[in-house]
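Okay, structure first, notes after.
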Amino acid sequence: MKYAMIATWRMAVEGITSSKQILEKGGTAGDAIENAIKMVEDYPFYKSVGYGGLPNEDCEVELDAAYMDGDTLDIGAVAGIKDYKNPISIARKLSKERFNCFLVGAGAEAYAHKEGFERVNMLTDRAKMHYQKRRKETIEKGLSPYDGHDTVGMIALDSEKKMVAGTSTSGLFMKKRGRVGDSPLSGSGFYVDSEVGGASATGLGEDLMKGCISYEIVRLMKEGYHPQEAADKAVEDLNAELKKRRGKAGDLSVVCLNNKGEFGVATNIDGFSFSVMTDDMEPTVYVCKNVNGKTTYEVASEEWLDAYLKRIKSPITFD
Ligand code: SD4
């Protein structure tokens with residue numbers, strides 16, 4: 001295996017398709033991750049990452065992102081950053097800092113400004129309409145505001161055997177101002193060690209961080225588990241532990257990749273999708289099912305892919 005990339009959700013597939021060209025030409029895992037995540041951040045119809053991401057309960061788009069270098073274990077992260085175009089690039093830049101490499105809110109924005117990152121109003125009209133609709137539904141029908149979220153989390157392996165992980169998200173829709181999920185937290189939303197492999201998570205941050213699930217997966221791979229076994233075990237164990245101690249577990253979905261280019265995926269929900277490619281496998285979207293606690297997946301059908309595109313672009317209606 002020369003190179004590989006795996007990412008949470010269907011929304012990553014254009015990004016990893018583009019990054020395949022970077023890796024094919026001998027480019028680095030870091031460039032592949034930044035390029036692919038930027039594409040997700042920039043696409044306005046992906047409503048849980050970057051531009052077009054759904055706002056918090058005050059109708060502000062607060063973004064979280066992280067970047068980790070699996071060779072040096074450098075980590076850079078931002079949380080609750082507003083109005084900067086590509087949080088992943090800011091996180092990558094921060095990963096080069098010896099100190100102050102995880103910045104939040106106004107401090108993250110000041111750093112981004114000083115470093116010349118592009119400032120953009122990240123709240124789109126469409127995201128505002130989603131907000132107004134959800135507010136109306138929440139008030140009228142008592143729906144939980146905490147449904148609907150998708151973080152992009154990716155791991156890349158390049159031909160020099162370097163591995164990098166990255167995440168980017170607007171977090172949970174209608175979150176409280178200042179709320180931070182698992183995505184920018186090392187060990188929870190992501191972890192990577194080029195000597196072993198990497199993992200990234202998506203789902204309910206408050207629960208994912210209770211098990212430091214990404215670190216746990218890498219630890220299991222280091223113990224000799226195949227990525228699929230590591231992913232299954234980490235999700236099953238955390239799911240069971242949360243149910244035992246708290247009566248319920250939130251959504252937990254993970255992807256992982258070892259330094260041989262073998263991957264694993266696990267989820268405790270139906271409908272989790274992921275995108276993957278290697279030097280001998282075209283970028284492919286898979287859709288997962290959780291059957292009696294076991295994760296299975298199959299290639300997304302044309303119907304599924306068409307329905308997805310239709311859904312993310314469908315007009316927002318108020319009844
Ligand atoms: C968070 N884990 O902020 C993120 C949201 C997410 O799929 O991944 N949703 O809690």
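Here are some notes:
- Reachable aspartates and glutamates from LYS141, criterion Cα separation under 15 angstrom, eight or more residues apart if same chain: ASP319
- The apolar share of the surface of the chain, taken as the fraction of accessible area on carbon and sulfur atoms (1.4 Å probe, ligands and nucleic acids excluded), comes to 51 percent.
- For a straight C-alpha distance cut-off of 17 angstrom, the lysines reachable from LYS243 (same-chain residues fewer than eight places away being disregarded) are LYS210, LYS233, LYS294.
- Stokes-Einstein D for segment 69-219, Kirkwood Rh over Cα pairs, 4 °C, 1.567 mPa s (µm²/s): 79
- Protection proxy ranking, peptides 48-59, 208-219, average beta carbon neighbours within 10 Å, highest first: 208-219, 48-59
- All distinct Cα pairs of segment 245-305 go into the 1/r average, and the inverse of that average, the Kirkwood radius, is 12.9 Å.
- Taking the inverse of the mean reciprocal distance over all distinct Cα pairs, the Kirkwood hydrodynamic radius of segment 4-313 comes to 18.9 Å.
- Sequence ranges 80-92, 221-233, ranked by mean other-Cβ count within 10 angstrom, highest first: 80-92, 221-233
- With 24 Å as the limit on Cα-Cα distance, the pairs of LYS20/LYS114; LYS128/LYS289; LYS20/LYS313; LYS114/LYS175; LYS38/LYS313; LYS2/LYS289 that go past it are LYS20/LYS114; LYS128/LYS289; LYS20/LYS313; LYS114/LYS175; LYS2/LYS289.
- Cβ-based net charge around GLY52, under 10 Å, with every Lys or Arg adding one and every Asp or Glu removing one: -1
- Per residue, the solvent-accessible area of segment 4-313 (1.4 Å probe, heavy atoms of protein chains only, all protein chains present) comes to 42 Å².
- Cα gyration tensor category, rounded, prolate or oblate, for segment 186-319 with a/c compared to 1.5: oblate
- Nearest-20 debye value, segment 4-313 charge dipole, Cβ charges on Lys, Arg, Asp, Glu: 1120
- Cα centroid of segment 267-319 to Cα centroid of segment 83-132, whole Å: 28
- Based on the Kirkwood approach, the hydrodynamic radius assigned to segment 148-215 is 12.3 Å, with every pair of different Cα atoms included.
- Computed over the chain, the per-residue total of -39500 (n - 2.57) for DSSP H runs of n ≥ 4 gives a 222 nm mean residue ellipticity of -10500 deg cm²/dmol, rounded to 500.
- Globularity index of segment 278-319 is 1.62 (Cα radius of gyration / 2.2 N^0.38 Å, N = number of residues).
The values are calculated or read from the model by the stated rules, or taken from the named source; none is laboratory data. Predicted model only: the values in this text are computed from it and were never measured. Quick reminder, even Gly has a Cβ in these numbers, built from the backbone with ideal geometry, and neighbours come from all protein chains shown. Surface accessibility is based on the protein's heavy atoms, side chains included, excluding ligands, DNA and RNA. Shrake-Rupley method; radii C 1.70, N 1.55, O 1.52, S 1.80 Å.
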